[in-house]
Amino acid sequence: MTNLKKNKPSGTKINESLSIGHFYNIECYDSKGNLKWNDDFENIVVTTGRNHYLDVTLKTGTASPFWYVGLKNSTIAVAEDTISNKGFVEITAYTNTTRPLFVVGTILEGSVDNSFSKAEFIINESTVVGGAFLVNQNTKGGTTGILLGAGEFNINRTVIAGDTIKVTITCSITSL
């Protein structure tokens, strides 16, 4: 909660609440490029992610230079999750040697996304995908770095070798 004084009589406060959110859209294409399914969800910005937002904005000004997208199983993400002690299993059944880079566009009206450069995973074995996450380390299956947030579908999604998953993430800070 932020209390601001804006040309108001002494003692009057304007209260503004902010919300940090990440919205994921995930598309799955078969080996011929046909859309198999499309799903989306909001994720939880975990405690380490909220702390990082505050640290970069108000304390150190030191941002992570790069963020990466990962796929996860169906276990529900919780605020206490970190990348080293996450309550979910990372899905690594894809050909990329590292997690795909999260390449954002222009920040506009409190929001930014990677819609012009979606994170792409080429699946190399059948598996079940339950959701995705955002972390500042690219090591596929790694357990170091800052977990910004994670979330999951309403239902698990089965993928097979040859499928391609494309992930768009929109990060927003909105006034409530």
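If only residues of region 79-93 that are within 15 Å of the chain's Cα centre (by Cα) and in a loop (DSSP other than H, G, I, E, B) are counted, the one that is nearest to E152 (Cα to Cα) is F88.
Restricting T168, T62, T98 to residues that are polar (S, T, N, Q), touching a Lys or Arg at 6+ places or on another chain (Cβ under 9 Å) and surrounded by fewer than 15 Cβ atoms within 10 Å (Cβ to Cβ) narrows the list to T98. Say whether the condition of being free of Cβ contacts under 8 Å to residues at least 40 places away in the same chain, in a loop (DSSP other than H, G, I, E, B) and either touching a helix residue (DSSP H, G or I) at 6+ places or on another chain (Cβ under 6 Å) or of a type in the set (V, I, T) (or both) is met by at least one residue in region 94-103. Yes, some residue in region 94-103 is free of Cβ contacts under 8 Å to residues at least 40 places away in the same chain, in a loop (DSSP other than H, G, I, E, B) and either touching a helix residue (DSSP H, G or I) at 6+ places or on another chain (Cβ under 6 Å) or of a type in the set (V, I, T) (or both). Scanning region 104-115 for residues that are within 17 Å of N136 (Cβ to Cβ) and assigned to a strand (DSSP E or B) yields a total of 1. Among the residues of region 42-76, the ones that are closer than 15 Å to I20 by Cβ and touching a residue at least 24 places away in the same chain (Cβ under 8 Å) come to 12 in all. Taken together, the criteria place N138 among residues that are modelled with pLDDT of 95 or more and either within 16 Å of the chain's Cα centre (by Cα) or closer than 23 Å to A161 by Cβ (or both).
Okay, residues lined up against (1) under 19 Å from D39 (Cα atoms); (2) in contact with a His (Cβ under 7 Å, 6 or more places away or on another chain); (3) not in a strand (DSSP E or B):
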{"residue": "D55", "(1), (2), (3)": "no, no, yes"}
{"residue": "A63", "(1), (2), (3)": "no, no, yes"}
{"residue": "S74", "(1), (2), (3)": "yes, no, yes"}
{"residue": "A77", "(1), (2), (3)": "yes, no, yes"}
{"residue": "E125", "(1), (2), (3)": "no, no, yes"}
{"residue": "E152", "(1), (2), (3)": "yes, no, no"}
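In this structure, is N138 in contact with a Phe, Trp or Tyr (Cβ under 6 Å, 6 or more places away or on another chain), surrounded by 13 or more Cβ atoms within 10 Å (Cβ to Cβ) and without any contact (Cβ under 8 Å) to a residue 60 or more places away in the chain? Spelling it out, it is not the case that N138 is in contact with a Phe, Trp or Tyr (Cβ under 6 Å, 6 or more places away or on another chain), surrounded by 13 or more Cβ atoms within 10 Å (Cβ to Cβ) and without any contact (Cβ under 8 Å) to a residue 60 or more places away in the chain.
The values are calculated or read from the model by the stated rules, or taken from the named source; none is laboratory data. Bear in mind the structure is a predicted one, so any value in this text is a computation, not a measurement. A quick note on method: Cβ atoms are made from the backbone with ideal geometry, for glycine too, and the neighbour counts reach across all protein chains shown.
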